[in-house]
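One structure is given here, and the rest of the page talks about it.
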Amino acid sequence: MNAPAELTLQENAALAHVKAAEKAAAKIPVGVDVKPLEIRQAAVIGAGTMGGGIAMALVAAGIPVVLVDANDEGLQRGLRRIRDNYDGSIKRGKLDEAMRDQRMALITGTTAIADVKDADIIIEAVFEDLGLKQGIFRELDQHARTGAILATNTSGLDIDEIAGVTKRPQDVVGAHFFSPAHVMRLLEVVQADKTSDEAVVTLMELGRRMGKVSVYAKVYPGFIGNALFRNYNREAHFLVEDGALPHEVDAALKDFGYAMGIFAVHDMAGNDVGYQTRKAQMATRPTDRRWNDLIMKLTEMGRLGQKSGKGWYRYEAGDRTPHRDPEVERYIVEESARMGITRRPISQEEIIKRCMYGMINEGAKLLEQGIALRASDIDIVYVTGYGFPARKGGPMYYADQIGLANVCADIKRLYEEYGYWWKPAPLLAKLAAENGRFADL
């Protein structure tokens with residue numbers, strides 16, 4: 001059965017917007033005389049899943065890579081993983097053996113950080129720990145050649161603090177790859193306080209060479225993507241505390257157009273991801289707002305997701321299909337009671353509004369502060385990196401279609417009801433009052 005004609009028109013317009021947004025993202029505010037440096041040789045620090053994926057993306061673009069790891073065991077494991085990835089591609093008919101051998105030959109493994117000396121760009125891809133990254137950048141400062149670009153693959157750490165330990169902060173830039181890095185098309189290119197335009201332009205161009213959509217951002221907790229994702233994630237968890245069950249939230253998100261609901265995604269990634277960081281933050285976080293710790297409690301119960309056979313859902317051996325689990329649902333209901341929350345039925349409409357409008361409000365803050373250059377940049381980050389349905393055009397485009405006055409009115413109502421997290425962004429309130437759109441900024 002065909003979709004209604006009007007819907008098809010809307011979808012086509014949204015898809016055209018996504019196409020235009022991808023093109024627009026390449027345009028950044030630098031002088032015409034700023035040219036990218038030539039990248040003939042690269043180095044990647046860290047042979048884990050992320051570092052290996054980045055190395056694969058570089059060699060696919062024909063760039064030789066020195067892959068550095070702290071010890072030989074980690075290095076060999078990383079090189080084996082890369083080879084296994086290629087073998088998987090051969091099985092699927094995406095690659096032949098000659099191409100695999102050619103690409104493997106472009107990767108040189110080493111445990112000596114001094115071997116980065118000839119690289120034009122060095123991409124650090126170690127564990128998300130500020131002290132660890134700073135230690136590596138101190139070493140890179142000693143061994144990297146003058147003028148080499150030093151990129152950090154961080155999903156939200158303060159790059160100014162990483163650049164600050166070097167004598168060459170102008171060469172330090174954020175390169176937020178998405179996992180798996182050899183597959184995912186998004187690259188957030190983050191300009192820190194002292195990052196040169198040349199470093200930014202070089203990384204933007206390198207992203208294009210690797211077949212990625214490079215999107216410019218400034219330093220901000222979570223940059224563009226994870227800044228919005230935090231709001232989406234938080235509301236989904238609050239909805240579960242307020243009365244929805246995980247399968248209901250996920251069903252609403254799938255109906256909206258996501259390939260997977262957020263709780264199924266958590267189970268796939270592992271509920272313990274980020275556990276230590278969150279645990280450390282709990283001691284010092286502000287007490288004037290609501291927090292959600294359900295995922296922490298699930299981790300402590302050993303409900304890690306697919307890898308342990310149970311998380312927000314339960315899983316049969318050898319099958320990734322999420323099944324409702326009365327045990328976890330009972331636990332959620334008990335937790336709501338313990339927190340003094342009276343559970344109530346929650347509609348699909350409320351689920352979508354709370355998950356989407358939190359992102360839209362955050363997006364308005366990013367635009368206001370110049371963290372993102374354009375509303376369409378936020379859209380392309382979300383469509384390419386976070387599974388936002390392309391036929392809805394991205395969160396900011398979606399908001400324009402609903403009408404910012406309507407979105408703002410709902411956010412004000414949510415602010416009155418739930419407080420802190422829902423304070424309307426001044427830019428959103430201004431555009432709503434003027435009948436404006438994000439697209440017109």
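Table for the structure above
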item: Pair list, Cβ < 8 Å and 6+ apart or interchain, from the stretch 77-101 residues that are of a type in the set (A, V, I, L, M) to residues that are not in a helix (DSSP H, G or I); result: Leu79/Ala47; Leu79/Leu67; Leu79/Ile107; Leu79/Gly109; Ile82/Ile107; Ile90/Asp96
item: From Val116, Val173, Val165, residue being crowded, with 24+ Cβ neighbours inside 10 Å, without any contact (Cβ under 8 Å) to a residue 40 or more places away in the chain and either of a type in the set (Val, Ile, Thr) or touching a Cys at 6+ places or on another chain (Cβ under 9 Å) (or both); result: Val173
item: Verdict on Val183 being surrounded by fewer than 23 Cβ atoms within 10 Å (Cβ to Cβ), over 21 Å from Gly370 (Cα atoms) and either in contact with a Phe, Trp or Tyr (Cβ under 9 Å, 6 or more places away or on another chain) or touching a residue at least 12 places away in the same chain (Cβ under 8 Å) (or both); result: yes
item: Scan of the stretch 192-203 for residues that are surrounded by fewer than 22 Cβ atoms within 10 Å (Cβ to Cβ) and not basic (Lys, Arg), ordered by number; result: Asp193, Ser196, Asp197, Glu198, Val201
item: In the stretch 299-340, residue surrounded by the most Cβ atoms within 10 Å (Cβ to Cβ) [restricted to those that are among the small types (Gly, Ala, Ser) and touching a residue at least 40 places away in the same chain (Cβ under 8 Å)]; result: Gly311
item: The stretch 208-238 - residue that is farther than 22 Å from Tyr398 by Cα and surrounded by fewer than 18 Cβ atoms within 10 Å (Cβ to Cβ) and, of those, farthest from the chain's Cα centre (by Cα); result: Arg209
item: Condition check for Glu368: acidic (Asp, Glu), at pLDDT 95 or above and closer than 24 Å to Ala21 by Cα; result: yes
item: Residues of the stretch 386-397 satisfying the condition of being buried (at least 24 other Cβ atoms within 10 Å of the Cβ) and in a helix (DSSP H, G or I); result: Pro395, Met396, Tyr397
item: In the stretch 128-153, residue farthest from Asp171 (Cα to Cα) [restricted to those that are in a loop (DSSP other than H, G, I, E, B) and without any contact (Cβ under 8 Å) to a residue 24 or more places away in the chain]; result: Asp129
item: So Leu58, is it touching a residue at least 60 places away in the same chain (Cβ under 8 Å), in the same structural domain as Asp193 (by TED's automatic domain parsing) and of a type outside the set (Ser, Thr, Tyr); result: yes
item: Residue in the stretch 239-259 that is surrounded by the fewest Cβ atoms within 10 Å (Cβ to Cβ), counting only those that are in contact with a Lys or Arg (Cβ under 7 Å, 6 or more places away or on another chain) and not in a helix (DSSP H, G or I); result: Gly257
item: Pick from the stretch 276-299, criterion touching an Asp or Glu at 6+ places or on another chain (Cβ under 8 Å) and β-branched (Val, Ile, Thr), ranking: farthest from Val240 (Cα to Cα); result: Thr277
item: Count of residues meeting criterion [basic (Lys, Arg) and either surrounded by fewer than 14 Cβ atoms within 10 Å (Cβ to Cβ) or in contact with a Phe, Trp or Tyr (Cβ under 7 Å, 6 or more places away or on another chain) (or both)] in the stretch 410-429; result: 2
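So that you can scan it fast, the table gives a plain yes or no per residue for (1) touching a Cys at 6+ places or on another chain (Cβ under 9 Å); (2) farther than 25 Å from Ser155 by Cβ; (3) free of Cβ contacts under 8 Å to residues at least 40 places away in the same chain; (4) not assigned by TED's automatic domain parsing to the domain that holds His266:
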site	(1), (2), (3), (4)
Ser347	no, yes, yes, no
Ile352	no, yes, no, no
Met359	no, no, no, no
Ala390	no, no, no, no
Ile402	no, yes, yes, no
Asn435	no, yes, yes, no
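The values are calculated or read from the model by the stated rules, or taken from the named source; none is laboratory data. No experiment lies behind these values; they were computed from the predicted model shown. Counting neighbours? That spans all protein chains shown, and the Cβs are built from the backbone with ideal geometry, glycine included.
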